[in-house]
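Note sheet for the following structure.
The values are calculated or read from the model by the stated rules, or taken from the named source; none is laboratory data. Bear in mind the structure is a predicted one, so any value in this text is a computation, not a measurement. We work out accessible area using only protein heavy atoms, side chains counted, and drop any ligands, DNA or RNA first. Shrake-Rupley method; radii C 1.70, N 1.55, O 1.52, S 1.80 Å.
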Amino acid sequence: QVQLVESGGGLVHPGGSLRLSCAASGSIFRIDAMGWYRQAPGKQRELVAAITSGGNTNYTDSVKGRFTISRDNAKNTVYLQMNSLKPEDTAVYYCNADFEMITGVRHYGYWGQGTQVTVSS
């Protein structure tokens, strides 16, 4: 059994910052790509940022220069530092990962349960 557990969401004023964390637990041998997605009410889920096992990153245009994705492979954890937050960043943020179990079974696109981020004055 594998779990991706997100934390760090909450309510913040415009211009503020939050740091999201996603910790993977279970019988994991190796985690490959990890990413953060978000889904606002009435909208489709979208990729926010992703990071490979080697540390290569990519971001959706609307967060470039404001958000930073990073990972700690020793802790099986991915982070999303969000600065200069805007009301349009309000959404449920989901962690996503591709990984290999110690049994050799591979999982692609495994989701966490999500954490709410609300940016409002």
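Taking all protein chains into account, the per residue accessible area for the chain stands at 52 Å² (1.4 Å probe).
Give me the percent of accessible area attributable to carbon and sulfur for the stretch 17-121, probe 1.4 angstrom. Ligands and nucleic acids excluded, carbon and sulfur reach 48 percent.
Relative to the current alpha-carbon distance between residue 39 and residue 11, full extension at 0.36 nm per residue lengthens the span by 8.5 nm.
If you run the Gaussian network model on the chain, springs between alpha carbon atoms under 10 Å, then out of 99, 29, 67 the most flexible one is 29.
The alpha carbon radius of gyration of the chain, expressed as a multiple of 2.2 N^0.38 Å, is 1.03.
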